[in-house]
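What follows is one structure encoded as structure tokens, with my remarks underneath.
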């Protein structure tokens with residue numbers, strides 16, 4: 001009975017979380033409207049960009065990530081390396097499965113099923129953009145998805161760090177193999193900047209502030225006052241990020257509604273498929289939900305800054321490949337929120353109170 005009460009209590013949602021789908025829809029509409037009615041807004045923000053990373057968006061993502069980073073007990077990072085099953089699920093799914101299923105699904109839809117709707121040359125470019133997304137697992141937003149599923153913060157950090165290390169050496173060969181192109185120049189400035197902005201800075205801030213608060217105020221104040229004050233910081237940051245992203249992409253959406261819808265189909269199917277593979281694998285291995293959910297969500301989500309940067313450098317700013325990577329940005333948040341909801345409703349699939357990870 002006590003376990004049931006605990007599970008029920010853990011599922012209680014705040015006002016923002018309860019109606020998150022509504023807020024997301026409103027922010028998407030608001031973002032497109034802002035971009036169309038006040039074009040100077042996205043034009044001004046777009047100036048603040050380095051290595052394909054939008055600094056205003058990076059700041060908002062930092063605000064989303066910090067509430068998770070400040071909860072990391074660094075002893076849990078050491079423990080994560082002693083329990084590698086979650087890392088195996090993440091790495092195998094992301095690097096031995098995901099790029100190849102993305103290619104097959106995108107090829108099936110863009111080159112076969114939608115052949116009458118998309119010119120052949122353009123469908124090839126869309127396929128290239130999809131592959132670039134599939135070969136780049138998430139670095140930043142996964143911390144948000146992990147936070148929303150009450151994931152193990154320390155273990156999630158280790159999962160992301162390991163994926164980043166693999167990405168440095170595996171991204172280019174995989175893309176070259178699947179697309180038949182050579183001499184891909186990985187924009188390491190994008191990779192390095194993203195790691196600094198989305199891992200190093202919030203992790204350092206979280207570590208310093210956590211230790212200071214625990215030393216000065218104590219654990220009880222930290223848990224019951226400080227963390228509660230952070231409250232909906234992650235949700236508010238997510239919604240503001242959506243407004244900015246969709247203000248940038250309003251013209252793309254309005255000028256290419258049919259093709260955006262067609263590209264979104266294989267990307268959405270791929271996202272659900274990768275989540276299901278990793279999530280069910282974690283269930284079969286009896287991992288904790290706090291490890292299983294982030295392990296599945298890392299692969300389902302994409303490092304879109306890297307994908308966009310490579311698409312532009314290889315195929316050009318106005319290319320179909322660049323458009324496909326942008327569609328990946330547009331699709332990701334609504335779809336990932338759906339997966340977060342699925343993960344939160346299936347916590348009972350996983351063992352409670354164990355150290356399996």
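Among the residues making up region 1-51, a single one is farther than 11 Å from residue 243 by Cβ, touching a helix residue (DSSP H, G or I) at 6+ places or on another chain (Cβ under 8 Å), assigned to a helix (DSSP H, G or I) and at pLDDT 80 or above: 36. Taking region 242-253, which residues are modelled with pLDDT under 80 and either exposed (fewer than 13 other Cβ atoms within 10 Å of the Cβ) or part of a helix (DSSP H, G or I) (or both)? Answer for region 242-253, where residues must be modelled with pLDDT under 80 and either exposed (fewer than 13 other Cβ atoms within 10 Å of the Cβ) or part of a helix (DSSP H, G or I) (or both): 242, 245, 246, 248, 250, 251, 252, 253.
Taking region 129-166 as the range and being part of a helix (DSSP H, G or I), within 20 Å of residue 101 (Cβ to Cβ) and at pLDDT below 85 as the test, the residues that pass are 142, 163.
Each row is one residue, and each column tells you yes or no for (1) without any contact (Cβ under 8 Å) to a residue 24 or more places away in the chain; (2) surrounded by fewer than 21 Cβ atoms within 10 Å (Cβ to Cβ); (3) out of contact with any helix residue (DSSP H, G or I) (no Cβ under 7 Å at 6 or more places or on another chain).
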| position | (1), (2), (3) |
| --- | --- |
| 261 | yes, yes, yes |
| 277 | no, yes, no |
| 291 | no, no, no |
| 295 | no, no, no |
| 304 | no, no, no |
| 336 | no, no, no |
| 339 | no, no, no |
| 344 | no, yes, yes |
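Considering 174, 118, the condition of being buried (at least 18 other Cβ atoms within 10 Å of the Cβ) and closer than 25 Å to residue 334 by Cβ is satisfied by 118 alone. For region 197-232, the set of residues classified as surrounded by 14 or more Cβ atoms within 10 Å (Cβ to Cβ), assigned to a helix (DSSP H, G or I) and either under 24 Å from the mean Cα position of the chain (by Cα) or at pLDDT below 80 (or both) consists of 197, 198, 199, 201, 202, 203, 205, 206, 207, 227, 230, listed by residue number. What's the number of the only condition in (1) within 30 Å of residue 328 (Cα to Cα); (2) surrounded by fewer than 18 Cβ atoms within 10 Å (Cβ to Cβ) that residue 239 fails to meet? Single failed check for residue 239: (2). Whether any residue in region 332-341 is closer than 30 Å to residue 117 by Cβ and in contact with a strand residue (DSSP E or B) (Cβ under 6 Å, 6 or more places away or on another chain) is what I want to check. No, every residue in region 332-341 fails to be closer than 30 Å to residue 117 by Cβ and in contact with a strand residue (DSSP E or B) (Cβ under 6 Å, 6 or more places away or on another chain).
To keep it simple, each residue is scored yes or no on (1) more than 16 Å from residue 127 (Cβ to Cβ); (2) assigned to a helix (DSSP H, G or I); (3) modelled with pLDDT of 80 or more.
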| site | (1), (2), (3) |
| --- | --- |
| 309 | yes, yes, no |
| 321 | no, yes, yes |
| 336 | yes, yes, yes |
| 339 | yes, yes, yes |
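Go through the residues of region 160-171 one by one and say whether even a single one is farther than 14 Å from residue 298 by Cβ, surrounded by 21 or more Cβ atoms within 10 Å (Cβ to Cβ), in contact (Cβ under 8 Å) with a residue 12 or more places away in the chain and within 23 Å of the chain's Cα centre (by Cα). Yes, some residue in region 160-171 is farther than 14 Å from residue 298 by Cβ, surrounded by 21 or more Cβ atoms within 10 Å (Cβ to Cβ), in contact (Cβ under 8 Å) with a residue 12 or more places away in the chain and within 23 Å of the chain's Cα centre (by Cα).
The values are calculated or read from the model by the stated rules, or taken from the named source; none is laboratory data. All of these numbers come straight from a predicted model, not from anything done at the bench. Cβ: placed from backbone, ideal geometry, glycine included. Neighbour counts: every protein chain shown.
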